[in-house]
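Nothing in this text is a laboratory measurement; each read-out follows from the coordinates by a stated rule. Only a predicted model underlies this, so the values are computations on that prediction, with no experimental measurement involved. Cβ sites come from the backbone with ideal geometry, for glycine too, and all protein chains shown count toward neighbours.
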DNA sequence: TCGGTTATTCGTATTTCGACGAATAACGAA
DNA sequence: TTCGTTATTCGTCGAAATACGAATAACCGA
């Protein structure tokens, strides 16, 4: 089952993704639908280790605003925050993006449309 | 450079995606951040051929609302609309999702965080 | 116990989104 | 030319998102 590692490209479960729950897909996409949140993820990609409030100055918004973006990412399951008082250590949850990734891959490998160019 | 077919999994250009333009990523994600728009894409995946106003009844919203969703998808480059008066023939533009897909793949293959569980 | 440090919540203002019906556009067919 | 069919644009409304500063919470160390 793994989850990570394999990154199963296009298997049986893929076909199902064609009819995957639109709500779920949309929710995941929405979590990444703001530049600040993408930046947060990119930061966590760069500095693999968890980060505290460094994220705040990294993306250049007020602490309260950043906290809200982190909340949204957390709610979507994309990141997790380990409390290490007085700070919080954030890190990515790589498996969370799978449904959206599969959906995109399905689009990308779709047969070219009839468009005669 | 192909574009489709290969679906280049994780190559040199991937690393760059770690610092990919957050605006671009966010814009793509935003286009898919609504269930109705995901449904439109799913419909176009199922019925590979282009569709006219069938999309309207497929997703069950008013024609004007649907048109707006289609506009957003078009603006993001995810779909194209070929005019065939008096109707419009929509189809997917599979290559458009590449940047977002690469970004997601990068997340998914990121080294597991330090979280000792 | 008392500050110091960091994160989150709260209240608020502004902007954007999402939905609808009505009106409009744009052509093929009769 | 006039009608019918389909898509889009427009005006509007309520809901949601975004941003901020102030206030609050929650611990660790002195």
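Among the residues of the stretch A:70-93, the one identified as surrounded by 22 or more Cβ atoms within 10 Å (Cβ to Cβ) and in a helix (DSSP H, G or I) is A:73. Among the residues that make up the stretch A:105-116, is at least one of them crowded, with 16+ Cβ neighbours inside 10 Å, away from chain B (no Cβ under 11 Å) and closer than 25 Å to residue A:20 by Cα? No, the conditions are met nowhere in the stretch A:105-116.
Considering each residue of the stretch A:46-70, count those that are more than 11 Å from chain B (Cβ to nearest Cβ) and within 10 Å of DNA strand D (Cβ to nearest atom), and give that number. Total satisfying the criteria: 11. Applying a threshold of 6 Å to beta carbon distances and a minimum spacing of six or more residues, or different chains, the list of pairs starting in the stretch B:70-85 at a residue that is farther than 15 Å from residue B:99 by Cα and touching a residue at least 40 places away in the same chain (Cβ under 8 Å) and ending at one that is in a helix (DSSP H, G or I) and more than 10 Å from DNA strand D (Cβ to nearest atom) reads B:72/B:31; B:73/B:31; B:73/B:37. Within the stretch A:90-116, the set of residues being touching a residue at least 40 places away in the same chain (Cβ under 8 Å) and more than 30 Å from residue B:84 (Cβ to Cβ) comprises A:90, A:91, A:92, A:94, A:95, A:96, A:97, A:98, A:99, A:100, A:102.
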